[in-house]
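Report on the structure given below.
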Amino acid sequence: MSISPLAGKPAPKELLVDPSQLEHEYYERRPDLANPNQMVSFGTSGHRGSPQHGSFTEAHILAITQAICDYRRSHGYDGPLYMGKDTHGVSGPAQRTALEVLGANGVETIIQKDDGFTPTPVISRAILVYNRHRKKHLADGIVITPSHNPPADGGFKYNPPNGGPADTDVTRWVERRANELLRDGTSIRRVPFAAAIKADTTHQEDFVLPYVEDLKNIIDMDVIRTAGLKLGVDPLGGAAEPYWEPINSVYHLDIAVANPTIDPTFSFMTVDHDGQIRMDPSSP
């Protein structure tokens with residue numbers, strides 16, 4: 001493995017992504033349908049790519065969201081769809097695009113209020129809590145995140161009613177249908193965002209407090225509190241950042257958030273081994 005001379009050092013300005021340019025490319029760039037690298041391709045439960053490479057654009061999200069709507073319909077999933085997004089630069093635009101399609105398809109969709117961020121486990125929990133004791137009208141979800149990928153990347157993942165990442169039988173179905181829609185371009189239902197966000201089927205709720213209050217059922221907070229630990233947390237600019245102060249408040253812990261910065265360029269990160277910025281916890 002070749003190590004970049006920048007590895008472990010603060011990112012120079014010229015390495016930082018331009019969020020406004022990234023958003024412009026997301027909306028304006030059209031994927032090359034003759035290039036397999038620019039088609040929908042699902043890895044672990046979802047599609048990842050970058051507007052810079054023509055692999056994560058509005059066209060992709062329109063097609064994938066419609067494919068998910070079609071998949072839900074074919075499997076009789078007609079409960080609510082919980083949708084969250086992370087702090088990457090194109091996650092917000094992708095959520096707006098998805099809402100336009102979900103609204104047009106009449107899918108009851110629940111998002112974090114005030115345009116907030118939502119970690120993946122929060123969506124998984126919401127799905128499981130809703131589906132508990134239910135055999136029909138099941139909920140599922142979408143998480144808009146490329147995980148620890150570089151700042152220019154976007155990701156779009158589907159969580160079926162079991163709350164976990166979609167298995168390959170699901171992702172193959174959605175990927176195939178999404179690419180059909182990407183080539184066709186005429187079978188996607190869509191309404192303007194202004195109509196979608198105000199639709200009767202779109203709901204904005206607080207995901208934070210229900211998740212935080214449920215943590216006591218899997219973590220012994222009394223043991224942590226009585227141990228008198230002073231804890232430090234660096235959310236690495238991720239979607240967990242808004243959750244730490246409520247955890248402190250509800251459980252009376254002594255947690256200091258070392259870096260509360262939300263910055264889609266992730267300029268506070270040191271450069272990874274290969275000269276890129278990413279939030280990879282396994283990187284040396």
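Listing for the model above:
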quantity: Segment 207-248 - residue that is within 30 Å of ILE110 (Cβ to Cβ) and among the hydroxyl-bearing types (Ser, Thr, Tyr) and, of those, surrounded by the most Cβ atoms within 10 Å (Cβ to Cβ); calculated: TYR243
quantity: Subset tally (residues that are in a loop (DSSP other than H, G, I, E, B) and among the aromatic types (Phe, Trp, Tyr)) for segment 227-284; calculated: 2
quantity: Count of segment 43-69 residues which are in a helix (DSSP H, G or I), in contact (Cβ under 8 Å) with a residue 60 or more places away in the chain and out of contact with any Phe, Trp or Tyr (no Cβ under 9 Å at 6 or more places or on another chain); calculated: 6
quantity: Unmet requirement for GLU175, which otherwise passes all of (1) of a type outside the set (S, T, N, Q); (2) in a helix (DSSP H, G or I); (3) touching a residue at least 60 places away in the same chain (Cβ under 8 Å); (4) open to solvent by less than 50 Å² (accessible area, probe 1.4 Å); calculated: (4)
quantity: Residues of segment 126-146 satisfying the condition of being surrounded by fewer than 19 Cβ atoms within 10 Å (Cβ to Cβ) and in a loop (DSSP other than H, G, I, E, B); calculated: ARG132, HIS133, ARG134, LYS135, LYS136, HIS137
quantity: Any hit, segment 133-153, residues being under 25 Å from PRO246 (Cα atoms) and either modelled with pLDDT under 95 or over 14 Å from the mean Cα position of the chain (by Cα) (or both); calculated: yes
quantity: Cβ pairs under 9 Å, 6+ apart, first in segment 5-16 and in contact (Cβ under 8 Å) with a residue 24 or more places away in the chain, second assigned to a strand (DSSP E or B) and open to solvent by 60 Å² or more (accessible area, probe 1.4 Å); calculated: LEU6/THR270; ALA7/THR270; GLY8/THR270; LYS9/THR270; PRO10/THR270; ALA11/THR270
quantity: Counted residues, segment 249-277 - those being open to solvent by 70 Å² or more (accessible area, probe 1.4 Å), among the small types (Gly, Ala, Ser) and out of contact with any Asp or Glu (no Cβ under 8 Å at 6 or more places or on another chain); calculated: 1
quantity: Residue count for segment 185-226, restricted to those that are over 21 Å from ASP114 (Cα atoms), of a type outside the set (Lys, Arg) and assigned to a helix (DSSP H, G or I); calculated: 8
quantity: Qualifying positions in segment 151-172 - within 18 Å of SER55 (Cβ to Cβ) and open to solvent by less than 20 Å² (accessible area, probe 1.4 Å); calculated: PRO151, ALA152, GLY154, GLY155, PHE156, TYR158, THR171
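Quick grid of which residues meet (1) out of contact with any Asp or Glu (no Cβ under 9 Å at 6 or more places or on another chain); (2) within 20 Å of ALA178 (Cα to Cα); (3) buried (at least 23 other Cβ atoms within 10 Å of the Cβ):
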residue	(1), (2), (3)
GLN52	no, no, no
PHE56	no, yes, yes
LEU62	no, yes, no
GLY89	no, no, yes
ILE110	no, no, no
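The values are calculated or read from the model by the stated rules, or taken from the named source; none is laboratory data. Bear in mind that the values here come from a model prediction, so they are computed numbers and not experimental data. Note that each Cβ is placed from the backbone with ideal geometry, even for glycine, and that neighbours are counted across all protein chains shown. The protein model used for the area step is the full one, side chains on, heavy atoms only, and it has no ligands, DNA or RNA in it. Shrake-Rupley method; radii C 1.70, N 1.55, O 1.52, S 1.80 Å.
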